[in-house]
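Below is one structure, written out as C-alpha cells, with a few remarks after it.
Only the coordinates and a few stated rules stand behind these numbers; no lab work does. Everything numeric in this text was worked out from a predicted model, so none of it was measured. So basically every Cβ, Gly included, is an ideal-geometry build from the backbone, and we count neighbours across all protein chains shown.
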Amino acid sequence: MNYHHAFNAGNFADVFKHAILIALIDALKAKATPFCYIDTHAGAGRYDLRDEAPQKTGEFADGVQRLLIADSLAPTLRPYFDLLRAANAGDANGHLNLYPGSPLIAAMSMREGDRAILCETQDEEFAALKALFARDPRIGVHQRDGYAALAGFVPPREKRGLVLIDPPFEAQEAEFRTIGKALAAAYERWPGGVYAIWYPIKLRRTLQRFYRWFATKGIKKTLAAELLVQNDDSPLRLNGCGMVIVNAPWQFDLRLQPLLSDLMRILARDAGAQQRVEWLTTE
Ligand SMILES: C[S@@+](CC[C@H](N)C(=O)[O-])C[C@H]1O[C@@H](n2cnc3c(N)ncnc32)[C@H](O)[C@@H]1O
C-alpha cells in the first residue's frame, strides 16, 4: 500500500468528514448512557502540518487553512474549530499546526465512560496511534484489517455507538464492494448501530449503484451528505466527497443542511460547487 494519510491531512475532504464526525458524536452524547466508537481505518490519529508529507502536497491550504483565514466563522463550524484549537492547546503561540485525525477527534469528544476501538494496518500509522493513546484506557488500538475485524466488534457491549469506515480507496470502484461486504456483515449483527462511510466523488453519476445498494439490502434510515468543491466533469481528480450515514440520528438531515452550506461557501473552488443532503432510505 502506498497510501499515507499525512499527504492529505486537513484537506477539504478531512474538513467535511471531521465536521460531520463531530456532529455525529455530539448526537450520541444526547443520551447519558455510554457509547462505543469504532474506526475501521484509523490512520495515525494526528498529523503535524509542518511535516514533509503535508507540506509536499499543500492540500490543507484548500482545506482547513481556508477556514482558519476566513473573515468570520459560521456557528455551524464552531465545534470543529474549537476542537482544532483544543488539539493545539499546547502551542504557546496559538498556532494550529497539529491536525487531529478521526481517532483524536473521537477521543477528544468522548466522555469518561465512552470507549473507542481503532484499527489500522500500516506499521508507521499503527505505532503513532499506539503512542498517542498509550495512556488513555478508553481506547483500544488494533493492528488489524478493519473490514475483517468489524463484524467481531459488533454489537459492542454498550449497544450504542458509531462505526466510521474511511478507507483509502486505493482499489477505486472495487472498494465499494469491499465496503458493502463488511457493512452487510456488521449490519446483520448490529442493525441498530450508526455507520458512517466516507467516499470520494470524481463523477457523481458513477455512484448510482452505491446509492441503490442500501435499499436493496433493506438498510434503513440512510442519509447521504455530499460536497462537490468543483464541477464533477473530470474523472481524473477528486471533485468532492460524501458520507453515507446508516441509522442517522433523529433530524440529522436538518442539522447537516446548514453545515454543508457553510462548508461549501468556504471550500468551493469554482462555480460548479454543490452540496446535498438526501435520504437514500427511510424507516
Ligand atoms: C483515509 S485514511 C484514514 C484517516 C482517518 N480515518 C482520519 O479521518 O483521520 C485510511 C487509513 O486506512 C489504513 N488502511 C488501509 N487498509 C486498511 C485496512 N484494511 N484495515 C485497516 N486500516 C487500513 C491506511 O493505512 C490509512 O492510514
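Residues in the range 79-91 carry Karplus couplings, in order, of x, 5, 5, 5, 5, 4, 4, 5, 5, 10, 4, x, 7 Hz; the curve used is 6.51 cos²θ - 1.76 cosθ + 1.60 with θ = phi - 60°, and Gly or Pro positions show x. Rounded to whole Å, the principal axis extents of the Cα atoms in the range 109-185 read 38, 32, 20, largest first. Per-residue Karplus couplings for the range 9-18, computed as 6.51 cos²θ - 1.76 cosθ + 1.60 with θ equal to phi - 60°, are listed in order as 4, x, 6, 4, 5, 5, 4, 4, 4, 6 Hz, Gly and Pro entered as x.
Ellipsoid semi-axes for the chain, based on the Cα gyration tensor and the rule √(5λ), read 25, 24, 19 Å when sorted largest first.
With the gyration tensor restricted to C-alpha atoms of the range 148-283, the semi-axes of the equivalent ellipsoid amount to 26, 18, 12 Å, longest first.
The three principal axes of the Cα atoms in the range 178-240 give end-to-end lengths of 39, 17, 17 Å, sorted in falling order. Residues considered: E170, E158, E120. Largest GNM mean-square fluctuation over the chain, using C-alpha springs under 10 Å, is found at E170. By the count of neighbouring beta-carbon atoms within 10 Å, fewest first, R269, R78 end up ordered R78, R269.
Restricting the calculation to Cα atoms, the range 13-68 shows an Rg/Rh of 1.07 when the hydrodynamic-style radius is the Kirkwood one. Output the pairs from K159/K181; K17/K217; K181/K217 with a Cα-Cα distance over 20 Å in this structure; if there are none, say none. The answer is K159/K181; K17/K217. For Y99, the residues whose modelled amide H falls within less than 5 Å of its own, excluding neighbours fewer than 5 places apart on the same chain, are Y47, D48, L49.
Size descriptors for the range 215-283: radius of gyration and Dmax over Cα atoms are 13.3, 37 Å. The slack between A127 and Q257, meaning 0.36 nm per residue of separation minus the straight C-alpha distance, is 43.1 nm.
Distances between placed amide hydrogens fall under 5 Å for G140 paired with A116, I117, L118, all partners being 5 or more residues away or on another chain. Each Cα pair under 8 Å and six or more residues apart adds its separation to the average, and for the range 125-207 the resulting relative contact order is 35 percent.
With neighbours defined as other Cβ atoms within 10 Å of a residue's Cβ, the residues M264, M1, M110 order from fewest to most as M1, M264, M110. On the beta carbon distance between Y3 and S234, with R0 = 25 Å, the FRET formula returns roughly 0.75. Taking P79, P249, P137 as the candidate residues, the one with maximal mean-square fluctuation in a Gaussian network model of the chain, Cα springs under 10 Å, is P137.
Here the extension length gained between W250 and A174 equals 24.2 nm, from 0.36 nm per residue of separation less the Cα-Cα distance. Global size of the range 1-109: 14.0, 43 Å for Rg and Dmax (C-alpha atoms, Rg to one decimal, Dmax whole). With θ taken as phi - 60° and the Karplus curve 6.51 cos²θ - 1.76 cosθ + 1.60 applied, the whole-hertz 3J(HN,Hα) list for the range 155-164 is x, x, 4, 5, 6, 9, x, 9, 10, 9 Hz, x standing for glycine and proline.
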